[in-house]
Amino acid sequence: DARRQVESALNTLRTEKRQQEQKSAEVLRNGATLVSRYRDLHALSLRAVGLYEYRHERTKADEAFVVLQGATLATLLLVAGTFFFRTFSYSRWFMLVFWAFDVVAVFGVRMAIRDVVRALRRHGRFVRRALVVGAGDLGQEVVRRLRGHPEFGVRVVGYLDDRFPAGERLEGKEVLGG
């Protein structure tokens, strides 16, 4: 009698373990489905809000706002998809946590890339060369400001101005001609 009870208890434990493994596998499948469906929506949404357009004047707050817009749009589209196509569904809590993680992850990666590019530009990588047209006060101010911000990635090679003789140096840059 005791032996049967032990065997019955062991069978119950095995069945519960199998059911738990099946639930875990289903959660992983649902997560993989979410990621695969979300990936394309995410890219399209971020493109729609203009995140992939290069704008060096965009502040971190502007960047965060655009990331927030894109992630929100993508998540709303995914929620709408789960409403209209009932092949899968997620709890509201899960979607909220997923959205928050998405915002933080995308913003964090973008800030890290921005910092790496700025550091590389300070060391002469990803730099565009520029000629400043006009060597007057305004042209010299442009050179001073660009020199003060190497993270912009613009290296001034000289001036073009017909009011100054070729070869004259202003703000450390040469007048190349007029």
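The slack between A2 and V109, meaning 0.36 nm per residue of separation minus the straight C-alpha distance, is 32.5 nm.
At R0 = 30 Å, how high is the FRET efficiency between L76 and A32 if r is their beta carbon distance? Nearest 0.05 is fine. The calculated FRET efficiency here is 0.90. Note on the chain: with a GNM built from Cα contacts shorter than 10 Å, the maximum mean-square fluctuation among R122, R14, R29 falls on R14.
Accessible area ranking (1.4 Å probe, heavy atoms, ligands and nucleic acids excluded), largest first, for Y38, Y54: Y54, Y38. Considering only alpha-carbon pairs that sit under 8 angstrom and 6 or more positions apart, the relative contact order computed for segment 25-178 is 15 percent. A crude spin-label estimate for the pair V97 and F83, with each label 7 Å from Cα along the Cβ direction, gives 2.3 nm.
Amide H contacts of R155: R128, R129, A130, each under 5 Å away and 5 or more positions distant or on a separate chain (H built 1.01 Å from N in the peptide plane; Pro and chain starts excluded). In terms of packing, defined here as the mean over residues of other Cβ atoms within 10 angstrom, the peptides 170-178, 113-121 line up highest first as 170-178, 113-121. Averaged over its residues, the chain has an accessible area of 72 Å² per residue, based on protein heavy atoms and a 1.4 Å probe.
State the label only: which of [x] 8, 22, 17, 15, 13, 10, 7, 3, 2, 1, 0, 0; [y] 9, 36, 35, 16, 4, 0; [z] 10, 40, 38, 12, 0 corresponds to P(r) over Cα pairs in 10 Å bins from 0, in percent computed from the shown model? It is the one labelled [x]. Would you please give the FRET efficiency between Q140 and E57, computed as 1/(1 + (r/R0)^6) with r the Cβ-Cβ distance and R0 = 22 Å, to the nearest 0.05? That pair, Q140 with E57, gives E of 0.50. Ranked by the mean number of other Cβ atoms within 10 Å of their residues, highest first, the peptides 18-24, 161-167 come out as 161-167, 18-24.
The values are calculated or read from the model by the stated rules, or taken from the named source; none is laboratory data. In this text the structure is predicted, and so the values were computed from the model without any measurement. Virtual Cβ from ideal backbone geometry, glycine too; neighbours counted across all protein chains shown. Please note that ligands, DNA and RNA were not included when accessible areas were found on the heavy atoms of the full protein model with its side chains. Shrake-Rupley method; radii C 1.70, N 1.55, O 1.52, S 1.80 Å.
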